[in-house]
Number of protein chains: 2
Amino acid sequence: MSTEIELNEYNLIPPQTGAAFTLKKGEFLTVVDPLGSQVSDMVLFNLEDKKEKLSSGKTLDFEESILITEGNFLWSNRSHKMMEIVEDTNGRNDFLLAPCSPETFQIMYNNHEEHPSCLNNLKVNLSEFDIELDDIPTAFNIFMNVQFDEKGKISVLPPTSIAGDHVKFKAEMDLIVCLTACSAEDSNGGTFKPIHYVVTQV
Amino acid sequence: MSTEIELNEYNLIPPQTGAAFTLKKGEFLTVVDPLGSQVSDMVLFNLEDKKEKLSSGKTLDFEESILITEGNFLWSNRSHKMMEIVEDTNGRNDFLLAPCSPETFQIMYNNHEEHPSCLNNLKVNLSEFDIELDDIPTAFNIFMNVQFDEKGKISVLPPTSIAGDHVKFKAEMDLIVCLTACSAEDSNGGTFKPIHYVVTQV
């Protein structure tokens, strides 16, 4: 997987895989759910200093909301804006739950067989940038439909996204971006679909 | 601040400061709000390998709840149990928001003067263990009263804890623990109070 992305070209992330690439400040990234009801986990690192990275705690704090969508910013652990969400045609994303990992399937689903996972796909693709497993933060889970009640009880439901729904981000700094096409049955309505993305200058 | 804690002795964290210490697997840590309405941020690291640390994303995922209290476990980024909450006399804690930092006061409160913060107190106390600022995760915010509605809107209210309320944790692995007496006006009902803690074997 090359980390050089052609501007304006649609890029495919096959089901249960991932991709990592750089995005320059001011460029736009559009993440598309081409078939509907498919989650894409996204993590971000400062290209110039990879110790600075996406932070769910800082984002929820500064944006004063659990639900992050159009008009919100994604913030780093150093309290800098990393991206702005400039368009969100679906409007439901999650920033509570960690990427699915081999342990997710073992502990939550009692599935001890080999299973693809977002965390492993993030690790494999970020290894090109010398980013290690332990340094991967909680991801921004695009299109993920995590419901919660006033008592805090969490339920993972199928995404409400339909074919063609997309979220468009503007980079606020030079970034390393890693995206997945999520591998967890319950998060994606039981089937695994691809994710598309495109980088543009407007 | 010594990192050796006497068993059964009450330890004081003065207002707007912090403390770091080790806790052995099977030992109990009780964090007390001695005057009421005071938050204590807590972060955890595996004593044997500090790349393993507390994870809000993993905890909310495995516990299937935003609100973490008696009966819940605190999980690491490697999907291991770090602590069990065995008693919680107040019952309201937060695991959404990042520790208050100098930037919290600058960005959210437009206060550009020097201001104590949990993140700085975590950094100063964890430096004894060679843990750096960028490696400090989102804290488990004991007694913090973060309310949210079904649209995800977050409000920080004064803690509901009264004098003597406490949360008792059991260590599930050998740990480095860092606690603060929180420094943010809005999180503590406008005044800064101490936190007490005690380590016991039962």
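Restricting A:LEU7, A:LEU12, A:LEU47, A:LEU67 to residues that are surrounded by fewer than 18 Cβ atoms within 10 Å (Cβ to Cβ) and at pLDDT 95 or above narrows the list to A:LEU12. In the range B:154-169 there is at least one residue that is surrounded by fewer than 18 Cβ atoms within 10 Å (Cβ to Cβ) and free of Cβ contacts under 8 Å to residues at least 12 places away in the same chain.
Any residue in the range A:71-82 that is surrounded by fewer than 20 Cβ atoms within 10 Å (Cβ to Cβ), over 18 Å from A:THR138 (Cα atoms), without any contact (Cβ under 8 Å) to a residue 24 or more places away in the chain and within 14 Å of chain B (Cβ to nearest Cβ)? Checked the range A:71-82: at least one residue is surrounded by fewer than 20 Cβ atoms within 10 Å (Cβ to Cβ), over 18 Å from A:THR138 (Cα atoms), without any contact (Cβ under 8 Å) to a residue 24 or more places away in the chain and within 14 Å of chain B (Cβ to nearest Cβ). What are the residue pairs meeting all of these: first residue in the range B:181-193, first residue among the acidic types (Asp, Glu), second residue assigned to a loop (DSSP other than H, G, I, E, B), Cβ atoms under 9 Å, and 6 or more apart or on different chains? The qualifying pairs are B:GLU185/B:THR191; B:GLU185/B:PHE192; B:ASP186/B:PRO158.
Can you tell me which of A:LEU23, A:LEU35 is away from chain B (no Cβ under 14 Å), surrounded by fewer than 17 Cβ atoms within 10 Å (Cβ to Cβ) and of a type in the set (A, V, I, L, M)?
Details: A:LEU23 fails: surrounded by fewer than 17 Cβ atoms within 10 Å (Cβ to Cβ).
When all the criteria are applied, what remains is A:LEU35.
The set of residues in the range A:180-197 being among the aliphatic types (A, V, I, L, M) and in a loop (DSSP other than H, G, I, E, B) consists of A:ALA181, A:ALA184. Among the criteria (1) surrounded by 20 or more Cβ atoms within 10 Å (Cβ to Cβ); (2) among the aliphatic types (A, V, I, L, M); (3) within 13 Å of another protein chain (Cβ to nearest Cβ), the one A:MET108 does not fulfil is (1). Take A:LYS151 and tell me if it is within 14 Å of chain B (Cβ to nearest Cβ) and assigned to a helix (DSSP H, G or I). Criteria not met by A:LYS151. The helices (runs of 4 or more DSSP H) found wholly in the range B:29-131 and carrying at least 1 residues that are closer than 19 Å to B:LEU157 by Cα occupy B:102-109, B:118-126. Residues in the range A:132-145 that are in contact with a strand residue (DSSP E or B) (Cβ under 8 Å, 6 or more places away or on another chain) and either more than 9 Å from chain B (Cβ to nearest Cβ) or part of a helix (DSSP H, G or I) (or both): A:ASP134, A:ASP135, A:PHE140, A:ASN141, A:ILE142, A:PHE143, A:MET144, A:ASN145.
The values are calculated or read from the model by the stated rules, or taken from the named source; none is laboratory data. This one's a predicted model, so the numbers in the text were calculated from it and none came from an experiment. Reconstructed Cβ throughout: ideal geometry from the backbone, glycine too, with neighbour counts over all protein chains shown.
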